[in-house]
Amino acid sequence: MTPFSYRCTDCGRTYSRDEVRYLCPECGKSYRPGIPLTGVLEAVFDYDAIGAAFDQARPDWNLFCPVETAFHPPLPVGNTPMARVDRLAAELGLGELWVKNDGLNPSGSLKDRASFLVAAEARRLGIDLIVAASTGNAASALAAVCASAGLKALIFVPEKAPKAKLVQMVLYGATVVPVKGTYDDAFRLSLEYTEKRGGLNRNTAYHPLTIEGKKTAGLEIWAQAGFRVPDAIFVSVGDGVIIGGVHKAFVDLRRAGLIDRLPRLIGVQAESSDAIHRYVETGVYADAANPTTRADSISVTCPSNAHGARRAVQESGGLTLTVTDDEILSAQAALAARTGIFTEPAGATAYAGLVKLQAGAKALPSGARAVILATGNGLKDVEAPLSRISIPPAIEPRLESLPR
């Protein structure tokens with residue numbers, strides 16, 4: 001790893017590694033559950049040292065990592081494949097189109113990356129309990145990583161979390177507490193727990209290493225694209241931490257002198273869970289009134305990293321848009337049928353956004369290189385596609401019984 005410090009993304013104050021744990025001690029004073037986080041910290045490295053040491057022929061990604069490898073859990077996380085899909089690129093008028101398939105992480109989602117790094121930090125600090133709130137994927141990820149590292153996981157989930165994700169958490173050995181209410185209610189309860197009873201809180205953006213963990217997806221995109229910066233990366237957006245992490249990856253690369261520009265980040269939200277989209281469009285933040293969507297992983301009333309997500313979109317010259325549940329489920333089916341990649345509705349939201357953008361006035365130019373970040377495995381929530389398809393009935397075991 002490379003030496004680093006923390007810097008507040010609001011006031012710019014800097015802190016040594018062990019001087020702070022969650023939010024900026026000054027800006028975080030104004031935070032209360034139910035509003036977007038204030039005082040979110042970012043890790044700032046010795047970028048000159050990274051630039052001097054980094055070798056594309058033998059890339060050492062630990063240069064960008066804020067936790068020593070000795071504390072890393074044994075579960076292999078990341079290094080997921082990125083498939084080039086030329087047929088879809090041609091249909092959409094793009095030069096190149098890639099799908100980064102993070103549904104092939106151990107627990108089936110990109111959120112393994114954040115949980116991995118927070119678990120490593122817990123081991124460094126000698127803390128054996130990690131606490132989180134989640135709609136499902138972050139909880140499954142935390143439970144899996146804790147199981148591999150011999151740590152305890154306490155997880156607060158909305159009572160309507162998909163059963164497949166609950167099964168994962170329980171089988172991994174986590175203590176699961178369903179909460180009567182929303183993700184935001186679970187988030188608030190988890191903060192209260194760690195404040196009064198201890199443990200390390202893994203909540204997204206609240207713990208700065210969640211952003212650093214998700215950053216690794218962006219670093220891999222750069223490498224897998226031939227160490228070239230894509231023109232655009234499409235990211236489904238719920239609480240705003242994934243898009244913030246991808247942005248941080250390319251900011252770090254630019255600070256280290258390894259790239260000279262940022263990719264445009266295109267944030268895609270479900271139509272009903274659109275708080276960040278409206279914030280980007282108007283400059284005024286307001287909660288999503290009724291964030292009910294089949295893409296449960298991005299269903300959020302109050303996005304924790306709303307400010308960081310807006311900043312990521314604006315600094316990258318990107319944009320946001322929304323899609324309907326019908327567009328999400330159609331995109332999920334199309335992506336599976338055309339590429340062999342079965343991603344959950346939240347992951348398909350990014351592709352739905354690309355399809356919608358290319359059909360409008362703000363379409364990417366012909367020949368552009370774009371990446372779709374597919375954030376979770378479709379087997380996480382089979383109920384969503386089952387609402388649109390039917391399983392064929394059984395036939396008698398005779399050839400004549402086959403429909404013609």
Quiz item: ³J(HN,Hα) across the stretch 59-71 via Karplus (A = 6.51, B = -1.76, C = 1.60, θ = phi - 60°), whole Hz, x for Gly/Pro?
Solution: x, 9, 6, 5, 4, 9, 9, x, 10, 4, 4, 4, 9
Quiz item: For the stretch 295-329 and the stretch 169-209, what is the separation of their C-alpha centers, rounded to whole Å?
Solution: 22
Quiz item: With a Cα-only, solvent-free Debye model of the stretch 98-150, what are the log10 I(q)/I(0) values at q = 0.20 Å⁻¹?
Solution: -0.65
Practice problem: With a point put 7 Å past each Cα toward its Cβ, work out how far residue 48 is from residue 336 in nm, to one decimal. | Solution: 5.3
Quiz item: For the stretch 324-386, which trypsin sites (Lys or Arg not before Pro) are in a loop by DSSP, counting at most 11 other Cβ atoms within 10 Å?
Solution: 362
Self-check item: Diffusion constant of the chain at 4 °C, which comes from Stokes-Einstein with the Kirkwood Cα-pair radius and 1.567 mPa s, µm²/s
Solution: 61
Quiz item: Given +1 on the Cβ of Lys and Arg, -1 on the Cβ of Asp and Glu, and no further charges, what dipole in debye does the chain carry about its Cα centre, rounded to the nearest 20?
Solution: 100
Quiz item: When the accessible area of the chain is computed with all protein chains present and a 1.4 Å probe, what percentage of it is carbon and sulfur?
Solution: 52
Self-check item: Over 22 Å (Cα to Cα) - which of 165/196; 100/160; 100/356; 100/248; 196/248 fall in this group
Solution: 165/196; 100/160; 196/248
Exercise. Give me the percent of DSSP beta bridges within the chain that run antiparallel, rounded to the nearest 5.
Key: 25
Quiz item: Under a 1.4 Å probe, what is the accessible area of the chain per residue, stated in Å²?
Solution: 40
Quiz item: Ranked highest first by average number of other Cβ atoms within 10 Å, how do 139-150, 226-237 line up?
Solution: 139-150, 226-237
Quiz prompt | 5 angstrom amide H check on residue 264, placed H, neighbours 5+ away | solution = 232, 233
Exercise. Pairs to check: 152/215; 163/380; 180/380. Give those whose C-alpha atoms are more than 18 Å from each other in this structure.
Key: 152/215; 180/380
Quiz item: When the helix-only estimate is applied to the chain (DSSP H runs of n ≥ 4, each -39,500 (n - 2.57), divided by the residue count), what is the mean residue ellipticity at 222 nm, nearest 500 deg cm²/dmol?
Solution: -11000 deg cm²/dmol
Practice problem: Output the DSSP H helices from the chain with an along-axis C-alpha extent of no less than 15 Å and a mean Kyte-Doolittle hydropathy no less than 1.0. | Solution: 137-149
Practice problem: Give the residues of the stretch 160-181 whose amide nitrogen is closer than 17 Å to a point set 7 Å from the Cα of residue 391 in the direction of its Cβ. | Solution: 163-164
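The values are calculated or read from the model by the stated rules, or taken from the named source; none is laboratory data. The structure presented is a predicted model; accordingly, all values stated were derived computationally and were not measured. Glycine also receives a Cβ, built like all others from the backbone with ideal geometry; neighbour counts cover every protein chain displayed. Please note that ligands, DNA and RNA were not included when accessible areas were found on the heavy atoms of the full protein model with its side chains. Shrake-Rupley method; radii C 1.70, N 1.55, O 1.52, S 1.80 Å.
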